[in-house]
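The values are calculated or read from the model by the stated rules, or taken from the named source; none is laboratory data. Just so we're clear, the structure is a prediction, and the values are computed from it rather than from any experiment. Every residue, glycine as well, gets a Cβ built from its backbone with ideal geometry; the counts of neighbours run over all protein chains shown. These area figures cover heavy atoms from the full protein model, side chains too; ligands, DNA and RNA do not enter into them. Shrake-Rupley method; radii C 1.70, N 1.55, O 1.52, S 1.80 Å.
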Amino acid sequence: MKSSYNSCGQEPPRLGVGLLQCLIFGLFCLFAVRLWYLQIHLGPVFTEKSRNNQLRTEYIFAPRGFLRDRNGELLAVNEPAFVLGLVREDCDDIPATLNQVAAWTGLPAERLKDIYARNKPKVKPFEALTLVPDLDFPLIAKVEGGSLRWPGLEILSRTRRKYIYGHLLSHVLGFVAEASETEMQADPTLSLGDFVGKQGLENRLDDRLRGAKGRRLIEVDVTGRRLSEELQRGPKAGEEIFLSIDLGLQQLGHKVLEGKAGSVVVMDPDSGEIHALVSEPSYDSNTFTTGLSSAQWAELRDDPMHPLQNRATQGVYPPGSVFKLLMAAAGLHEKAIDPNETVYCTGELALGNHVFRCWKKGGHGTVNFQRALIESCDTYFYKLGMKLGVDRISSYAKLAGLGVATGIDLPHEKAGLIPSREWKMKRYGVRWTKGEDLNMSIGQGYTGLTPLQVARLISALINGGKVLKPQLMRGVPAQVLSSVPLTPEHAAMIKRAMVATVEDPRGTCRRVLTPGVVVGAKTGTAQVVRLSEEMKRMGDAVPYRFRDHAWMAGFGEQGKKRYVVVAMVEHGLHGASGAGPVVKAMLDALFLGKKELPPRDVGGAERAGEPAARLVVDPVEPTFPEVPHEPGAAQ
Amino acid sequence: MSPIDRRMLYHVNWPLVGVLAALFFVGVLNLYSASGVRLGEGVSVEPYYQKQVIWGTIGLFGMVAFTAFDYRRLSAVAWPLYAVSLLLLLAVPFLGKTIYGAKRWLDFGLFSFQPSELAKFAMLLLGARILSAQPDRLDLKRLSYIIGLGLVPALMIIKQPDLGTGMLVLLLLCGLILYRGIRPWLFRTLCVLMPLVMPLAWFGLKDYQKRRILAFLDPATDPLGSGYHILQSEIALGSGRIFGKGYLSGTQSQLRFLPEKHTDFAVAVLGEEWGFFGMMLLLSLFCAFLYQIATVAREAKDPFGSYLAAGVFFYFFWQILINMGMVMGLMPVVGIPLPFISYGGSATLVNFCLLGLVLNVSMRRYLFKQS
């Protein structure tokens, strides 16, 4: 071999051949090590990544549970809604198409472009991007008619929550709306466009109503097109829930309060079930499900009548004379009252240099325990208040469940206020005065209660002292949260006095007398502001916002049936005339069957006047306003 | 001396032919899988593997043709061929047709032709001719002269732009120079100087080339852009693990996550479906293949033949190193195919012809002794 090179007179490139062999060896070693590293050492990591490339998890929509009233009447259902979607892949000219959609719907083109730009990154090119979430039939017809000229536009069907009686139950049911970014981050099963309960029962019972989404594993290729799918878990529909609300009663409550601001609560004193929870004025739950424009939201939020506020659980008012029932129970318990002892009411009581007046000019004369309640004599309760003092009153009131939230299944419930020495010191930095004992004992001053708390108080007084959790669902076992110290004799005395308040010729609640039914009640008239002498002379003609709030809290009993009815009418002037008719209407319905099923509140007719495609535009997260009724304002 | 002697048939390098056949077979087998795309129902296979077989057959004729003459005659055409290829490269910017934004092709009506392919071959011949005539290891003067000869076509090709082929031409020449050997002091100086010169080359690169290099250094910075190729290719290889996902069952390739899966990244498909085991087998085949060529270079009858074989060795060696290195994430993404595994018509033809040249050198190794 070497000789052949030598014959040519040249050295063989021995080093060169060695170099070639070294290169081969190096190549082998380098790649073998790298392959071992990639395929064996990191194999599991890359296997996982390859699976993530190939497989996608998709959730299958689970229908939301229906809501029914205690008699099975449907309150909230799911209905198909039509949505206008745009498939980018099929669309030739997106700006022109958006302009056409704007022309059809009357929405500003900028809005549509904004929606388009916002959703573009979240939607695949061959999937539909939702442009208009609510199409009515004329629009569907227009889009269908133009489908050849405007490729890429698609009408999709989705389900949407529908509240059959949108206005009647908005404060109870609340509403659902599309999940926000934060909600989606908190719950990975939620995806864009899913509905979650935002207010009311929809919010509190969201887990039960929502059901469980199904899950399916899809194999996709690099463009995201699905190749095969495997069902891992079927969807589980949300639970159907029967409320304790009686639709007829609820409707009646709204009807009698129409045009006023106020609230009615009907409660079963034994089970705690709420048969009606009315707050007027109200709003339509359906406006929220389609997404509210800022203008709509501003209108609801800034309405001086506060339709968004649930007055039954969020309205805190001074209870007025209704509080005397609690005072009576506390006085009996603390043995501060001898039922037979009498007090002489001259119409006023002097304490220091201040004169406390009874509501009746000239006074009630001689009154005993029962008479004091029947005629709502302030002097009697001033004296009782002086005896008891704030400490004993407020600790007894706390036992009766006042000053704390009732625990009803509704969000943002208010606790109300039962003042105490410590509270006043902390809040105002001033000591509690003796005069405030007197004011407190007739339900004025700092004390603030919600209508629901008053309903629960009355229930406790007639059910033997059980403080119940107000139930909004039918057939839930009664839940006793605490108990009021109340002997059967004392309970019977209070009840007798309440019945007498209705039946006695001089009783303040004569107007709720109902034939065949044992009815007991107590009125309350709560000062909103201290009226000047001039305003007092105006009588019932004082301006609306200075008028007193009207309360009536009572119960009706017939055989085994018994119900507590509490009505509160803002600025209703007098307890008996302002709130009495409301209680009377409820009692008539409950015991005499005078009720009618309401006509459907929501439907094509109501929405016809509004532009059809008004939806999502820019959804606002509703936050409920603070209650305007600070108890401190009363004095 | 007759072009084909009966005795020469006895000396055909059958091991090399055998390894070549095995590689080509593996390539076609893998190409069948790599050109498959899974749709909703079943798999649709693009007929790349058929075309590859056709090109292989044409290549076989080319290979035989390249054994049919005495390779020493090529020494005489080295300079003219170099000149012709320079002329053609010069013509490309004026007459070439633009495909994918690069002017690389000359259209001859019936077929289009890449002058850069011819330049590679011309460089191989010229390098072998000049270097085989060097009596001594190269000093600076001769080294500069030879590098200069290589830089002219290489820069013209890089300007097309075709960085891969241009670099290949230079690397081929560098391989041959190292095969010849350079003076030790020169070698040491170059070892020091090269790292200093390298950063300067950075400014000569196009933006997309810079991005590829950056993406290679850190693929995670841009997983959907330049880093995508590397990432998906590593996922394909890595998820194959020891024995692979099975033939025709690679998800990365069948679902098209792997880009360029029948050309530059074809070997990733093999790695995904046959695993570490399959890759080691392929690597061994390539090493055996290179070893056979190196043996031919060692045992060649005369220096020109030896340098020809060494040139072919480097031609394949660089492609294997760059392509497989790229697929394994060891090199930036450069469009260089893997011989016999990646689909490519003219590349297959050229590969076969060059092997014909090696076989030519190999079968004539005893002949001259007797003459």
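Here are the numbers for the structure shown:
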{"quantity": "Count - residues of the stretch A:137-173 that are open to solvent by 40 Å² or more (accessible area, probe 1.4 Å) and assigned to a helix (DSSP H, G or I)", "calculated": "6"}
{"quantity": "Any chance residue B:328 is at the interface with chain A (Cβ under 7 Å from one of its Cβ atoms), aliphatic (A, V, I, L, M), in contact with a Ser or Thr (Cβ under 9 Å, 6 or more places away or on another chain) and over 18 Å from residue B:12 (Cα atoms)", "calculated": "yes"}
{"quantity": "Wholly enclosed strands (runs of 3 or more DSSP E) of the stretch A:209-299 bearing at least 2 residues acidic (Asp, Glu)", "calculated": "A:226-233"}
{"quantity": "Hits in the stretch A:211-243 (condition: within 14 Å of chain B (Cβ to nearest Cβ), open to solvent by less than 40 Å² (accessible area, probe 1.4 Å) and of a type in the set (A, V, I, L, M))", "calculated": "A:217, A:218, A:220, A:227"}
{"quantity": "Answer from A:474, A:511 - the residue that is within 24 Å of residue A:318 (Cβ to Cβ) and open to solvent by 40 Å² or more (accessible area, probe 1.4 Å)", "calculated": "A:511"}
{"quantity": "Residues that are surrounded by 15 or more Cβ atoms within 10 Å (Cβ to Cβ), part of a helix (DSSP H, G or I) and either more than 9 Å from chain B (Cβ to nearest Cβ) or aromatic (Phe, Trp, Tyr) (or both), drawn from the stretch A:35-64", "calculated": "A:36, A:46"}
{"quantity": "Any hit, the stretch B:161-173, residues being more than 15 Å from residue B:314 (Cβ to Cβ), part of a helix (DSSP H, G or I) and without any contact (Cβ under 8 Å) to a residue 24 or more places away in the chain", "calculated": "no"}
{"quantity": "Verdict on residue A:444 being within 19 Å of residue A:313 (Cβ to Cβ), in contact (Cβ under 8 Å) with a residue 60 or more places away in the chain and open to solvent by 10 Å² or more (accessible area, probe 1.4 Å)", "calculated": "no"}
{"quantity": "Answer residue from the stretch B:174-184, given it is in contact with a Gly (Cβ under 7 Å, 6 or more places away or on another chain) and in a helix (DSSP H, G or I) and is most open to solvent (accessible area, probe 1.4 Å) among those", "calculated": "B:180"}
{"quantity": "Qualifying residue in the stretch A:356-364 (condition: closer than 27 Å to residue A:424 by Cβ, without any contact (Cβ under 8 Å) to a residue 24 or more places away in the chain and not in a loop (DSSP other than H, G, I, E, B))", "calculated": "yes"}
{"quantity": "Residue under evaluation residue A:331, criteria (1) within 37 Å of the chain's Cα centre (by Cα); (2) over 30 Å from residue A:472 (Cβ atoms); (3) surrounded by fewer than 17 Cβ atoms within 10 Å (Cβ to Cβ), criterion not met", "calculated": "(3)"}
{"quantity": "Scope the stretch B:260-270; condition within 12 Å of chain A (Cβ to nearest Cβ) and more than 14 Å from residue B:340 (Cβ to Cβ); matching residues", "calculated": "B:261, B:268"}
{"quantity": "Residue A:340, sole failed condition from (1) surrounded by 23 or more Cβ atoms within 10 Å (Cβ to Cβ); (2) assigned to a loop (DSSP other than H, G, I, E, B); (3) polar (S, T, N, Q)", "calculated": "(1)"}
{"quantity": "Selection from the stretch B:282-296 of residues that are within 15 Å of the chain's Cα centre (by Cα) and either at the interface with another protein chain (Cβ under 9 Å from one of its Cβ atoms) or under 19 Å from residue B:122 (Cα atoms) (or both)", "calculated": "B:286, B:287, B:290, B:293"}
{"quantity": "Which numbered condition residue A:28 misses (of (1) in contact with a Leu (Cβ under 7 Å, 6 or more places away or on another chain); (2) open to solvent by less than 60 Å² (accessible area, probe 1.4 Å); (3) more than 30 Å from residue A:209 (Cα to Cα))", "calculated": "(2)"}
{"quantity": "Test: residue in the stretch B:245-258 that is open to solvent by 40 Å² or more (accessible area, probe 1.4 Å), out of contact with any Leu (no Cβ under 7 Å at 6 or more places or on another chain), of a type in the set (Lys, Arg) and within 8 Å of chain A (Cβ to nearest Cβ)", "calculated": "yes"}
{"quantity": "Residues (charged (D, E, K, R) and more than 14 Å from every other protein chain (Cβ to nearest Cβ)) located in the stretch B:129-172", "calculated": "B:139, B:141, B:142, B:159, B:162"}
{"quantity": "Qualifying residue in the stretch B:140-158 (condition: under 21 Å from residue B:105 (Cβ atoms) and either surrounded by fewer than 19 Cβ atoms within 10 Å (Cβ to Cβ) or of a type in the set (D, E, K, R) (or both))", "calculated": "yes"}
{"quantity": "Residue satisfying condition, being at pLDDT below 90 and of a type in the set (Ser, Thr, Tyr), within set A:263, A:271, A:285, A:279", "calculated": "A:285"}
{"quantity": "The listed residue being at pLDDT 90 or above and not β-branched (Val, Ile, Thr), out of A:567, A:541", "calculated": "A:567"}
{"quantity": "Residue list for the stretch B:304-332, restricted to those being over 16 Å from the mean Cα position of the chain (by Cα), open to solvent by 10 Å² or more (accessible area, probe 1.4 Å) and at negative phi", "calculated": "B:304, B:330, B:332"}
{"quantity": "The stretch B:231-244, residues that are within 8 Å of chain A (Cβ to nearest Cβ) and either open to solvent by 40 Å² or more (accessible area, probe 1.4 Å) or of a type in the set (Asp, Glu) (or both)", "calculated": "B:234, B:241, B:242"}
{"quantity": "Residue within the stretch A:199-206 that is at positive phi and open to solvent by less than 60 Å² (accessible area, probe 1.4 Å) present", "calculated": "yes"}
{"quantity": "Options B:299, B:273; residue that is more than 9 Å from chain A (Cβ to nearest Cβ) and among the charged types (D, E, K, R)", "calculated": "B:273"}
{"quantity": "Members of the stretch A:1-34 that are modelled with pLDDT under 70, facing chain B (nearest Cβ under 7 Å) and over 20 Å from residue B:313 (Cβ atoms)", "calculated": "A:8"}
{"quantity": "The listed residue being within 37 Å of the chain's Cα centre (by Cα), exposed (fewer than 14 other Cβ atoms within 10 Å of the Cβ) and of a type in the set (Asp, Glu), out of A:89, A:79, A:73", "calculated": "A:79"}
{"quantity": "Count - residues of the stretch A:369-387 that are surrounded by fewer than 24 Cβ atoms within 10 Å (Cβ to Cβ) and not in a helix (DSSP H, G or I)", "calculated": "1"}
{"quantity": "Spans of strands (runs of 3 or more DSSP E) in the stretch B:29-111 with at least 3 residues within 14 Å of chain A (Cβ to nearest Cβ) and touching a residue at least 60 places away in the same chain (Cβ under 8 Å)", "calculated": "B:36-38"}
